[in-house]
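As structure tokens, the structure follows; a few thoughts come after it.
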Amino acid sequence: MNIFVCVKQVPDTETKIVPSADGTFIETSSIKWIMNPYDEYAVEQALLVQAANAGSTVTVVRVGSSKDTEALRTAMAMGADDAFLVEAADNLDSYSIAKALKGAILKSGKTPDLILTGKQAIDDDCLQVPQILATMLDLPSVSVVVEYTGTASDITVKREVEGGSLEVYGVKLPAMIACNKGINTPRYASLPGIMKAKKKPLTTLSLADVGVSDADRRVKYSNFQLPPEKPPGKKFDATDAAKTGAVVKEVVGLLRTEAKVI
Amino acid sequence: MAKILVFTELHGAHVKGVTLEILGKLSGHTVEVAAIGKIPSEATADLAKFGAAKVHSLNGAGLDKYSPEGYANALHTFIAAGSFDYVFAGATSLGKDLLPRLATKFDAGMASEVTNFVMEGDKFAGTRPLFAGKCFAKVELTGPKPHFVTVRPNALGMNANPTAGAATAADAAVDAGTIRAMIKEIVKGTSEKLDLTEANIIVSGGRAMKDSANFKVLEDLANVIGATVGASRAAVDSGFAPHAMQVGQTGKTVAPSLYIACGISGAIQHLAGMRTSKVIVAINSDPDAPIFTKADYGIVGDLFTVVPLLTQEFKNLLGK
């Protein structure tokens, strides 16, 4: 099977975010980049499917800045065979990213049997790329998948929806699947894996190589700003059991009269 | 004037609250509503109250349950025929899955999960959180029309004085086309309550819950105030609660009117999922827990003492 995994590189959760001076994005110079956490599930799922289907290859594709190749190196250290990087700014919109991913997959010369990705990237949280890419490639696809079973030709996946309910889909491959937490437990890259990853092929492409231009931008951002500072709240000490009743009474009263939410 | 369609899901006799929030926000514009299936009269009455000019019930073979391809094909034809400029939907499980597919069929753009928006004349301008809510930005759409937008439930709030619409009923036959990814079965979740993403009040428990059985304390409170119970990643990873209950970066993003965090320290990844809640109450025995910096009302104390008292006090207040 030709298995593809689309990954994104995002700022580490703990990173301090500062809007750029022109307000069109964030300051990226001092950011620590990591692989989007949901994409780790996709890489792991690709490796599990590869292990179950002898002769399969796992190719990782990413669109973004070439300053740091952490996400691709991590994926290859986990076990992916090769990688494609489409060099681009880190603030491309979902439509352009999906079109670039499609272009890179076509450029690889391999026809995908299965494309995996995380359900969303935790930078812009759009939750669009998997569905756009599937539509562009005219592949059946299921998003927010928490369980994956099947063969090289037929799979059953469970998609999580409201209230913890699961939609169970039967899908014939080729298909595109977007993974949620719960689908598997991603492995850690081993030291030999990390060493081996350095020798695995990483092909760099430009946006022009994959047919993407400024004309493909569909979403424009401006006016990036920090959320308004919340005024400090009221804090009550209920560590003394004798006072707890009075504190609770006061807070419940405030929720009705001041916050007006009850 | 922009031609606007709001796509809605049907749940029994009603539409989801977020549909009415969107309609209320678009008050003053001519807005049509479409759903897959027959829109019941109760739902039509609600849509009329919030300003729907026309309500379209779309029917066709293969659309009795959701499928990404079937719904996208059916709506694609309908929207193209109606030459809409904008299509709005709630950022629900279905909305988030469907709208990017639909937008791509038009080679069009989409703004995901906006928390507010305005129509500047005929032009949409939205606001949305990025980087786990650490910043906000203005979002605009460009390129081929129609433009697509999903709106986070509970973020806009209900318009208290909406302008009513005629809600003229119309039926349209649509074609689901070829469906390759098909639902074989739906496994119902255990909760009958509103989903976390739609709940108006949420009571969440963290690591300090110590055990899954202790969530009963939160459920008792939730039952009194009509809340849905959530959990932090620490509680989920410790096996106290299923992942479907997780609020935070690798769980659900929520925006209720009231969020009560019990025994949750307030790690960045949890704040990412709930920081846009309107009012936050935190109960934690550690006075230095980061959650207190985000809380409107913080109670330093043991949750197993405080929460049952809260439940009793709300019972008294609400006459239950």
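Taking segment A:227-245, which residues are small (Gly, Ala, Ser) and either assigned to a loop (DSSP other than H, G, I, E, B) or within 7 Å of chain B (Cβ to nearest Cβ) (or both)? Even if it seems obvious, please write down each step before you answer.
Going through segment A:227-245, the residues small (Gly, Ala, Ser) turn out to be A:233, A:238, A:241-242, A:245.
If the condition is that a residue be small (Gly, Ala, Ser) and either assigned to a loop (DSSP other than H, G, I, E, B) or within 7 Å of chain B (Cβ to nearest Cβ) (or both), then A:Gly233, A:Ala238, A:Ala241, A:Gly245 are the ones that fit.
Can you report the number of residues in segment A:87-101 which are in a helix (DSSP H, G or I) and among the hydrophobic types (A, V, I, L, M, F, W, C)?
Of the residues in that region, 4 qualify.
Does B:Val55 meet the test of being over 30 Å from A:Leu137 (Cβ atoms), in the same structural domain as B:Ala167 (by TED's automatic domain parsing) and assigned to a strand (DSSP E or B)?
yes
Examine segment A:62-75 for a residue that is more than 26 Å from A:Pro11 (Cα to Cα), in contact with a Phe, Trp or Tyr (Cβ under 9 Å, 6 or more places away or on another chain) and at pLDDT 95 or above, and state whether such a residue exists.
No: zero hits.
Which one is surrounded by the most Cβ atoms within 10 Å (Cβ to Cβ), of the residues in segment A:162-180 that are farther than 24 Å from A:Met1 by Cα and at pLDDT 95 or above?
For segment A:162-180, the residue satisfying everything is A:Glu167.
Being closer than 18 Å to B:Ala222 by Cα, among the hydroxyl-bearing types (Ser, Thr, Tyr) and within 26 Å of the chain's Cα centre (by Cα) narrows it down to one of B:Ser265, B:Ser257, so name that one.
Just a single option satisfies the conditions, and that option is B:Ser257.
Looking at A:Val18, A:Val10, A:Val58, A:Val43, which is the one that is of a type in the set (A, V, I, L, M, F, W, C), in contact with a Leu (Cβ under 7 Å, 6 or more places away or on another chain) and assigned by TED's automatic domain parsing to the domain that holds A:Ala75?
It is A:Val58.
Out of the residues in segment B:108-123 that are part of a loop (DSSP other than H, G, I, E, B) and out of contact with any helix residue (DSSP H, G or I) (no Cβ under 8 Å at 6 or more places or on another chain), state the one that is modelled with the lowest pLDDT.
Among them, the one singled out is B:Gly121.
Which condition does B:Glu198 not pass, out of (1) within 24 Å of A:Val146 (Cβ to Cβ); (2) part of a helix (DSSP H, G or I); (3) within 8 Å of chain A (Cβ to nearest Cβ), if it passes all the others?
(2)
Scan segment A:202-211 and give yes if some residue there is aliphatic (A, V, I, L, M) and facing chain B (nearest Cβ under 10 Å), otherwise no.
no
Quick one: in segment B:61-107, which of the residues that are in contact with a helix residue (DSSP H, G or I) (Cβ under 8 Å, 6 or more places away or on another chain) and part of a strand (DSSP E or B) is nearest to the other protein chains (Cβ to nearest Cβ)?
So the residue we want is B:Gly90.
Pick from segment A:105-138 the residues that are in contact (Cβ under 8 Å) with a residue 12 or more places away in the chain and of a type in the set (Ser, Thr, Tyr): which of them is nearest to A:Phe84 (Cα to Cα)?
Among those residues, the one meeting the criterion is A:Ser108.
Which residues, counting only those in segment B:136-168, are crowded, with 18+ Cβ neighbours inside 10 Å, away from chain A (no Cβ under 11 Å) and assigned to a strand (DSSP E or B)?
The answer is B:Val151, and nothing else.
What is the residue count in segment A:212-226 for residues that are more than 10 Å from chain B (Cβ to nearest Cβ) and free of Cβ contacts under 8 Å to residues at least 12 places away in the same chain?
The total comes to 2.
Before we move on, is B:Gly126 in the same structural domain as B:Asp46 (by TED's automatic domain parsing), touching a residue at least 12 places away in the same chain (Cβ under 8 Å) and either of a type in the set (S, T, N, Q) or not in a loop (DSSP other than H, G, I, E, B) (or both)?
Yes: the conditions hold for B:Gly126.
Can you tell me which of A:Ser29, A:Ser56 is among the hydroxyl-bearing types (Ser, Thr, Tyr) and more than 29 Å from A:Lys158 (Cβ to Cβ)?
After ruling out the rest, the residue left standing is A:Ser29.
The values are calculated or read from the model by the stated rules, or taken from the named source; none is laboratory data. Please read all numbers here as calculations on a predicted model, not as lab measurements. Positions of Cβ are backbone-derived with ideal geometry, glycine not excepted, and every protein chain shown enters the neighbour counts.
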